[in-house]
Amino acid sequence: MFEFTFHIPTSIIVGRSCLVKNSLRLREFGKKCLIITGQTSSKLNGSLEDSILALENENIKYVIFDKIEETPTLSTVEKAYRENKEKGIDFILAVGGGSAIDAAKAISILFKHDISKEELLSRKNLKGIPIVAVPTTAGTGSEANPYSILAMPEEGVNKNIGQQVFPVLAFLDARYTLNMTYELTVCTAVDAFSHLAEGYLNTRANLFTDTLAEKGLRLFGECIEPLKNMDCNIDMREKLLLASTIGGMVISHTGTSLPHGMGYPLTYEKNIPHGVANGILYPGYLKVFKKCDKLKRMLSLINVSSVEELSSILQKILPMKPLTLTQEEIRRYVNGLLSNEKKLKNHPEKVSRDDLIKIYKTILTP
């Protein structure tokens, strides 16, 4: 008997130039908009220009905050709010990768409740003003999930703020990903794959999430050869963007699993990009599974015959650098994961300390 709940409150519009073509939808959210974006990429890939055009087409006034970092901090989130709190903002247009969208979620809560950054983390079940997402990378799926990952320098970690904020609308236009470097394309693609795989191989998976994950995995599988051949054309990028958004939908219900929990310290302490940190852990992670039926199904969906073949593909495409972990670092990272009850619960089998140590010791290297 099936028992589960499935809900995605985000409307999604897909297609080239979809933002400008559907600018009328922006009228639903108010008369003044705060554009949240980074310093450079949205200005180069055309997404900021299209966003401004769409707003001007509907006579919606706007303010731009373009100081979002690669991993936004709580201080930046608070700065965006404090600088604009008296400007009559009705909604937020988040233009950029996962960082811009994640930051926008936290900023939207501050606008709704006029609270401090400390209260943002301590209070529960907070909602925000409406967010419209325009993703310009294909990896995080933040446009279709409720998570907001921010840097917490005082704690030495990146973590979710603990609120559930979905964008109300997302525009998916793969043209904005065309000028991404090959390295960034691969890093974000592997992040999308890790969301799909960890959502699929998950205790919280259900009929709907599996249906989505299987389609997303097939789309990713169709992109493997182009990625290996560095043939990142618009058709491949459209598939990756859809796979990324589907991955966001999946993990909004399942959460992620071991590789994400194990990869965060590699990103924060070793400066390894998030997608790479996930990817280099996959050979060891997949080898931990004792019941392999669903794992084999996952591999078949991406047209890969074995964990060894997937490892070879990841080794070929990931921009890896030499990484050395001391015994003390591994011990500390493992202790951190063993205290992360959510990540451990999401893995469908019981894992031991030795299992986790082995995963770290079998990290892919150049």
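Quick notes on this one:
- Heavy-atom accessible area per residue - the chain, 1.4 Å, Å²: 43 Å²
- Taking one quarter of the surface of the convex hull spanned by the alpha-carbon atoms of region 118-260 gives a direction-averaged projected area of 9.4 nm².
- For region 196-253, averaging the sequence separation of C-alpha pairs within contact (under 8 Å, six or more residues apart) and dividing by the residue count gives a relative contact order of 48 percent.
- Alpha carbon Rg of region 35-79, scaled by the compact-globule rule 2.2 N^0.38 Å: 1.26
- The solvent-accessible area of ARG218, taken with every protein chain present and a 1.4 Å probe, is close to 110 Å².
- With all pairs of separate Cα atoms included, region 50-101 yields a Kirkwood hydrodynamic radius of 12.2 Å.
- Relative contact order (percent, whole number), the chain, Cα cutoff 8 Å, 6+ residue spacing: 15 percent
- Dividing the radius of gyration of the alpha carbons in the chain by their Kirkwood radius gives 0.96 for Rg/Rh.
- Accessible surface of the chain, 1.4 Å probe: 51 percent of it comes from carbon and sulfur atoms.
- Amide hydrogen proximity for LEU172: with H placed 1.01 Å from N in the peptide plane, the residues at 5 or more positions away or on another chain lying under 5 Å are ILE13, VAL14, GLY15.
- 222 nm mean residue ellipticity, helices alone, for the chain (DSSP H n ≥ 4; -39,500 (n - 2.57); rounded to 500): -15500 deg cm²/dmol
- Cα gyration tensor, region 72-135 - rounded (a/c under 1.5), prolate or oblate: rounded
- Cα-based reach from LYS321 at 16 Å (exclusive), listing lysines while leaving out same-chain residues under 8 positions away: LYS270, LYS361
- Expressed as a fraction of 2.2 N^0.38 Å, the value expected for a compact globular protein of N residues, the C-alpha radius of gyration of region 239-366 is 1.04.
- Shape index of region 178-289: Rg/Rh, with Rg the Cα radius of gyration and Rh the Kirkwood radius from the inverse mean 1/r over Cα pairs, equals 0.96.
- Cα gyration tensor shape of region 189-250, rounded if a/c is under 1.5, else prolate or oblate by comparing a/b with b/c: prolate
- Normalised by residue count, region 1-137 yields a Cα convex hull volume of 135 Å³ per residue.
The values are calculated or read from the model by the stated rules, or taken from the named source; none is laboratory data. A quick note: this is a predicted structure, and the numbers were derived from the prediction, not measured. Note: accessible area is taken over every heavy atom of the protein model, side chains too, but ligands, DNA and RNA are not part of it. Shrake-Rupley method; radii C 1.70, N 1.55, O 1.52, S 1.80 Å.
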